[in-house]
Structure formats: structure tokens, C-alpha cells
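The values are calculated or read from the model by the stated rules, or taken from the named source; none is laboratory data. Being a predicted model, the structure only gives us computed values, none of them experimental. In this analysis, Cβ positions are derived from the backbone assuming ideal geometry, glycine residues included, and neighbour counts consider all displayed protein chains. Please note that ligands, DNA and RNA were not included when accessible areas were found on the heavy atoms of the full protein model with its side chains. Shrake-Rupley method; radii C 1.70, N 1.55, O 1.52, S 1.80 Å.
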Amino acid sequence: MKSTLSTRKVWLMVIAASFFVASCSDETTIFENPEDNLVSETDQSKLDNSVSFERTGVLDIYEDPIASAKRYNATGKAEQAGDYPLTLVAQIAPPTFANGENLAATHVVLDGDYGYVSYNTVGQDYVGAIDVIDISDPNNPRVTSRVYYTNADLNSIAYDNGYIYVAGGVDSEQSVTATANSLVAKIAVSGGRMNTSNITYGFQEGFNATDVRIINNNVVVTSGQDGFVVVYDKNDLSALNETAFADLRSVAYNGSEIAVLDAAQGVSFLDQNLNVLRSIDIESDFGVDAKRTLDFLNETIVVSEGTKGAGVYNAATGSFMEYLSILTNPENAEPGEIVTNGVAVNEDVLLMANGAGGLSLSENKDDSTNGVGVIELTGSINYVASKGDYIFAASGKSGFQIIKLNRPTESLVSSCENLASFSGSSTYTVEQGNEQAFSGSKRFNSLTINGSLLLCGSWTVKDDLTINENGVFEMNGTIVIGRVNRQRDIVVKAGATLRIEGNMSIYGDLILEEGATLEFLGESTVAAVWGTVSKANGASIIGTFNDYYNKF
């Protein structure tokens, strides 16, 4: 989140106060001419070109060195295949337009086939944007709608039942309608496109609105620096209730209680009427106007606490449980910029946006949270959201990155349940004459099949996959090999067989030598080959499949 306490913006509040006399948050406005401060992007080619596939493909995880050392020293074995076979779907560049060349991604929310992204501007100017991203095709995300705000920063975004709700800051000196510098806006969206013809706005005190959350029939908005937590009616954004806090950064909801993060005090738990039920005093340095979030995880609440990492507290008693440290990647991290800005929970996965320290992944099992490692991404990670099979990581001026977890479906898990779970090396070889069959969800460095191997589940291969003479490799589920900027091949040698049921993505070439067989099973198998398909004389391709990139 951009700084909201610049000298200019503080003085704007003072100036605005001399022109507007109103209660803290009871103003709601429908702009008669929203086009005065809004610009809709109409050039679809510009939207299409903002999507980059340069790094699409297999993502490695730089594992927690302490956890890794314990595992390897205890077993005496070589590096094992890791959990979480992640892939990068695409990167989305930040919007740019006249007088808006310095936008940074601030927040992401996911719903169904769409992701909704907010942007603000680092520095003195109030400039923001909203993107709508269609992720229905995991191989080809598209920006379907974009709106530029020429007089507002947008720091947080939510979605509910056909509407986007954005929270941010407005230059009230330059606005004829804004009664305070913190705003919330309600924008209709349908089929991936925003309708800006009739936008509803609400304003509240505080230098900048920091977060927005939909709770039942209400919209809850926080504003920092002498701001409020305000409850609005979801339908017309009329203010229903409010409570003052010193420096609010974020709001979370667990189905019964509201939690807010106040950088001046810690976490407060509120009832539906905003009465404070209890508090957790936290003495961490949350930074000046920095993005910080919190989220519920089972019976705990996880708080992003800057250089300390993420603090885990018992949500009922407020007792401190542990700090989840920042698992830095030394090659990419820069000292002084390694801070936990945000946290996100997806089932048993906990994600931490650690600025220059990258995006770390931990797993929560048996009431214990253990670090797995840092995901191989570029840029400084400011915010993270995760839902279903996707992770969206906002990386400031680098835009945001879409990551697929590649979790096996329930039906696939059921079909694999009679097979042993894979627990072998990340550089795995099946010797000639051996027949192996495994289930699971793993990431490999390389696979070499001299005998016979069946894998049922979700798998990634960072480097090469080779099926040697007369070898057989069968895959049921999902497998991804290589990356666009680090292309790797599948080689099916003479007399060997590659049998696929599900989804196969190759970021490299598929090479079928003389007498090799490629067989597709089922009616919905997809083969997405980024490179070329080389088929020698005598090689055969059998079955019906979706040739995604038309390479066969």
C-alpha cells in the first residue's frame, strides 16, 4: 500500500475539512458524470498484450533449509520429490496510461472464473485502476476489462453477487463530490466487464481506506490514520455504523466475528455492531502506512508483522502461539525490504507475501504450521490471495502473477487410491524390467523411465522427461514439464510408449523416435505442447485429444 501520510495528502485533508462539514462516514454519492474521473480501456489489444507467458510453466520451491536439513540428515537419502507441484499460469503487467505510468498492484480477490485486481500509485499522486481477469482457461488468462481512476488510489477490492467493491483514497481537494479522503465504490460487473455508468460511492474519515470486506448484507471498510471501521449497507452504501481507531490496516471475518488490525495497538475482535469483544496487544512495528493483513486459520488468527514474519495467535484467548519466520531466497532478497505484508489461507496452505523475501508457502497439519519454502517468483510480493486451485500474488510495479496449485480432483484421488503414494527421489529413474505405479502430487527435477511407470495424480518435472527404448510411461491426471523461458523436452525413444489420460503440458518439444507410440485415453485429454512435435517414421499417435496449441 502506498504511503498515505505524505505532506501533500495531509494538507489536502486540512483543506478539505474547511470546505466540508459532515459526520464521519454518513455520505453516499452517485456521481452524475463518473467519466470525469474514470477512463475505460477500449483497446482490447492493449489488454491482451498486458498478459505475459514468458515464465509460464513449472515453478520450483526453494525449501526451508532447516526443515530440509532435518529430513535429509535423518534419512541419509538424496533430495526427495517435493510436495506442491506448482505452475505459473501467467504474469499481468500493471496498467499504464497518460499520467498513470507508475501503478502498482495492491490487492486481488478471486471468484469463480474471474480475478479482480486493484492498483494504486506510489508517491504523491492519486491514480488507480481495476482489472478483471478471466481465468476460466488455465492456459490462457485474459484481461477482459480495465478501468483507470485519474483521481483515486485503490488499495483493496472485494466481489459479491455481480458487484466489485473497491476501497482507497481520493484527492478531495480536486473532487466536487468527495466529502473525505477515504472512499468505497460499488461497480457492477457482468461477464467479466465492468459497467461504469452508475457507480455508487461512500466516503469516510481517515487519510486512506485500507481494506474492504463483504459480510452478509454489509460492506465493512477500514481507514488508516485517525480513521474508522465503517459498516455500509451493501445495496446503496449508506453508512449504518462506525467505530474510530488510530491506524487500521485490515479486516477479516470468520463467520461470526470481525477482526481488525490496528497498527497502533494490535488486533481487535468485534461483534456485528462493532462493539469490541476482546483485543490482542501486539508491539510489532507495522511500518508507516505499509500494507499489512490478517486472516483466520482454524482456531487461530495470523497477523502479518513486518520484519517478524507472521504472528499466530489463539483467536479465542489472544495468547501468542508462534512466529512464522520469513523464509528468504538469498539470490533475490534485498535487506531492508524483507517484510511480511500479507497472509492468505487456503485449506491447509498458509501463504506469506514477504516483499523482497518473496512468496513463502507453509502447511498447517495436525495443529502445527511448518514452512515448506519460497516459491520461485520474480518481483517484490506485496499481497497474496488464494482460492480453489489458484494463488494470485500482487508484486507491485511488476503487476501480479497467477499460480496454479494443481491439486488433484476428488474423482482423480478416488481413482488413484489403490496405488501407493510416491515418496522417492526428485531425480527418479525406473530401471529396466521394473514396473512401478504411484499416486500423489509431487514435483520432480527429472524422470527417466527404462522399465514401466504409472503416475496417477498431479506432477511437475522441472527438467527432462525421457522414456528410453521399450519403456512405458502412463500418466492419469496432470503433468507439466519445463517452462517457457527454460524449455525442456519429452523424448519417447524407439519402441517406447507414452500413454496419457488427463492434461499434459510441455514447455519444450515432444520428440517421438522411430517406433515410438503416443496414446491418448478418454474423451477429454488435453495435450498443450509449447514447442514442436517431432514424429519420426514409424512413430504412431493414437486416440482422441485436444491439441491445444495446434502442434500435432
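Output the residues belonging to segment 96-123 that are without any contact (Cβ under 8 Å) to a residue 12 or more places away in the chain and either of a type outside the set (Ser, Thr, Tyr) or on the phi > 0 side of the Ramachandran plot (or both). Ala98, Glu101, Gly112, listed by residue number.
When the residues of segment 476-488 are filtered to those that are in contact with a Lys or Arg (Cβ under 7 Å, 6 or more places away or on another chain) and among the aliphatic types (A, V, I, L, M), the one that is most open to solvent (accessible area, probe 1.4 Å) is Val484. For Leu261, indicate whether it is modelled with pLDDT of 95 or more and surrounded by fewer than 21 Cβ atoms within 10 Å (Cβ to Cβ). In short, no. Give the residue that is most open to solvent (accessible area, probe 1.4 Å), with candidates limited to residues of segment 453-472 that are polar (S, T, N, Q) and more than 15 Å from Phe422 (Cβ to Cβ). Selected residue: Asn470. The residues of segment 510-521 that are in contact with a Ser or Thr (Cβ under 8 Å, 6 or more places away or on another chain) and either open to solvent by 30 Å² or more (accessible area, probe 1.4 Å) or not aliphatic (A, V, I, L, M) (or both), listed by number, are Ile511, Thr517, Glu519, Phe520.
Among Ala239, Ala246, which is the only one that is out of contact with any Phe, Trp or Tyr (no Cβ under 9 Å at 6 or more places or on another chain) and of a type outside the set (Phe, Trp, Tyr)? Answer to the selection: Ala246. Does Ala93 satisfy the criteria of being touching a residue at least 60 places away in the same chain (Cβ under 8 Å), surrounded by fewer than 19 Cβ atoms within 10 Å (Cβ to Cβ), of a type outside the set (Lys, Arg) and within 23 Å of Ile391 (Cα to Cα)? Yes: the conditions hold for Ala93. Of all residues in segment 168-198, those being under 15 Å from Thr150 (Cα atoms) and assigned to a strand (DSSP E or B) number 6.
Scanning segment 492-509 for residues that are crowded, with 21+ Cβ neighbours inside 10 Å and among the hydrophobic types (A, V, I, L, M, F, W, C) yields Val492, Ala496, Leu498, Ile500, Met504, Ile506. The residues of segment 530-547 that are in contact with a strand residue (DSSP E or B) (Cβ under 6 Å, 6 or more places away or on another chain), touching a residue at least 24 places away in the same chain (Cβ under 8 Å) and within 13 Å of Ile500 (Cβ to Cβ), listed by number, are Ile541, Ile542, Gly543, Phe545.
Each residue in segment 273-299 was checked for being open to solvent by 20 Å² or more (accessible area, probe 1.4 Å) and either assigned to a strand (DSSP E or B) or on the phi > 0 side of the Ramachandran plot (or both), and 9 pass.
The set of residues from segment 364-382 being touching a residue at least 24 places away in the same chain (Cβ under 8 Å), surrounded by fewer than 24 Cβ atoms within 10 Å (Cβ to Cβ) and in a strand (DSSP E or B) comprises Asn364, Thr369, Asn370, Gly371, Val372, Gly373. Residues in segment 407-438 that are in contact (Cβ under 8 Å) with a residue 24 or more places away in the chain, of a type in the set (S, T, N, Q) and over 24 Å from Gly495 (Cα atoms): Ser415, Ser423, Ser425, Ser426.
When we screen Val122, Val108, Val127, Val132 for residues that are surrounded by fewer than 16 Cβ atoms within 10 Å (Cβ to Cβ) and more than 30 Å from Asn445 (Cα to Cα), the only hit is Val122.
Filtering segment 301-331 down to residues that are open to solvent by 20 Å² or more (accessible area, probe 1.4 Å) and hydroxyl-bearing (Ser, Thr, Tyr), which residue is farthest from Arg213 (Cα to Cα)? Residue satisfying both the conditions and the ranking: Thr328. Against the list (1) open to solvent by less than 10 Å² (accessible area, probe 1.4 Å); (2) touching a residue at least 60 places away in the same chain (Cβ under 8 Å); (3) over 16 Å from the mean Cα position of the chain (by Cα), the condition Thr150 fails is (1). In summary, Val230 fulfils each of the numbered conditions (1) surrounded by 22 or more Cβ atoms within 10 Å (Cβ to Cβ); (2) not in a strand (DSSP E or B) with the single exception of condition (2).
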